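Read through the structure below, which is laid out as structure tokens, and then see the notes.
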Amino acid sequence: MTAILIVDDDEDILTASKLLLRRHFERVDACAEPGEIPAMMTRCDYSVILLDMNFGPGESSGRQGFHWLQRIIELDPDAVVVMITAHGGVDVAVEAMKLGATDFIAKPWQNEKVVATISAAVKLRALRSEARQLKRANTALVASMGANQPMLGDSPAMQFVHSVIERAAPTDANVLILGEHGTGKELAARALHAQSARADEAFMSVDLGAVPETLFESELFGHVKGAFTDAKADKVGCIQAAHGGTLFLDEVGNLPQHLQAKLLTVLEQRQVRPVGSSRSIDFDARVIAATNLPRPQLNDERRFRQDLLFRLNTVEIELPPLRERQADIPQLAEHYAAHYARKYDRPARAFSAEAMSAMQASLWPGNIRALRHAIERATIMATGDELQAGDIQMAPPGAATGTIRDAHESADDLNLDRVEKQTIQRALTRHRYNVSHAARELGLSRAAVYRRMEKHGL
């Protein structure tokens, strides 16, 4: 329900404004005594509050308006307040806007302008409410995903990563995270957020590889009602929802160049314009981006805009693949074994010496994600008191390259499940486990590839 509160000591103003606004809004309350504002706000969640600048004869300084404006915002930080002032008090009203007011109306007013101003304020309130709900949902999602999980590993390569995160996190510098598929880029981004001054605000993660080009602007910038056929209501974009917190742009290397240009403009101007809107909205978010593009491709102007690269990588963090940090595998394996034992109500089991040696010798082309999946499967399927090497699906040495013989064998194999597994495996290997690129070559969606990876234990 759209509810409007008018606070003015002039009874004629109250009567006229109530008669006008009741034709456009569901509920309109009037109040001649500002001391009643707190009680009225307790009883009703007002979309907009119209507040006079001065109360009582002879008052013109605006001090009372400033006082009640600050009191309203204390009671509801998301309150949308429109100030009412005489023509001579415009400068005072502008000062009130600096203190948190949304707009002002000068009296005597024009009815059409009043309705337009309040309608815009009502939309702002709805956007603020949606952004708050998104923030709550994001907080709940983070908790459900165990996003507070620390980055594990004490190898020299990981000690360097931890050191860079500790130095970069307290700043608002943009960070670019590089690394192969499955190396933990989002976990590094969450560690940066958790150690920053924005830790209590939203962490908004956007997988750019999963956003269709046609929905890019709507998803990131938002849209207004009626902007296109399916725009049934205003929508807050991911960038605006990250206001005050951290915006994580995953798979940024998958953006086509014309969308890279749009993203660059938004990051430079620190403003976003929802689709169909004529107004730009300021945003304040720390930007962290990630990509698994190899360095030569990232430095290729034909593939990735270098001006966008400079904007994103004020600080650069490169996560090592698991094959370059074998010393961390025992710690990672034991962590996931304990986690999945709790999740599936299985007995806690240690790894045999043979299993641990085999895991440390494996290439793990899918990196930590592949290790985690292998241990999850072993936790469910193993029957012994210890987890043995045979319980854990691992890519044998040389599996990342394949052989001509493998190709001939797969061509002669008519078992659909095995052919599908081999095809998915070859596509993933060819693209260094970049799921977006593999999905594009296979003619599947990313979600479909992930389902088949899960199905075949890849």
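Structure above, values below:
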item	result
Length gained when the stretch ARG71-GLU301 is fully extended (0.36 nm per residue, less Cα-Cα span)	77.5 nm
Folded to 0 to 90 degrees: helix 257-269 orientation relative to the chain principal axis, Cα	50 degrees
Under-5 Å amide H pairs with VAL275, H placed in peptide plane, nonlocal only	GLY222, HIS223, VAL224
Hull shadow area, averaged, the stretch 284-406 [alpha-carbon convex hull, nm²]	11.7 nm²
0 to 90° range, to nearest 10: angle between helix 111-144 axis and the chain longest Cα axis	30 degrees
Nearby aspartates and glutamates by direct alpha-carbon distance to LYS262 (threshold 15 angstrom, same-chain neighbours under 8 apart not counted)	GLU213, GLU217, GLU219, ASP307
Average projected area [Cα convex hull, the stretch 205-257], square nanometres	4.0 nm²
Estimated Rh, the stretch 328-388: Kirkwood, alpha-carbon pairs, angstrom	11.5 Å
Gyration tensor (alpha-carbon) shape descriptor, the stretch 1-120, a/c threshold 1.5	rounded
Cut-off under 5 Å, modelled amide H: who pairs with VAL28 long-range	ILE4
Helix-only [θ]222 nm of the chain, DSSP H runs n ≥ 4, -39500 (n - 2.57) each, per residue, nearest 500	-14000 deg cm²/dmol
Placed amide H near LEU50: partners under 5 Å, 5+ positions off or other chain	LEU5, ILE6, VAL7, VAL82
Accessible surface, per residue, of the chain when the full set of protein chains is kept, probe 1.4 Å, Å²	50 Å²
Given (i) 0.93; (ii) 1.26; (iii) 1.11, the label whose value is Cα Rg over 2.2 N^0.38 Å derived from this model	(ii)
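The values are calculated or read from the model by the stated rules, or taken from the named source; none is laboratory data. What you see is a predicted model; the values in this text were computed from it and never measured. Just so you know, the surface numbers come from the protein's heavy atoms only, side chains and all, with ligands and any DNA or RNA stripped out. Shrake-Rupley method; radii C 1.70, N 1.55, O 1.52, S 1.80 Å.
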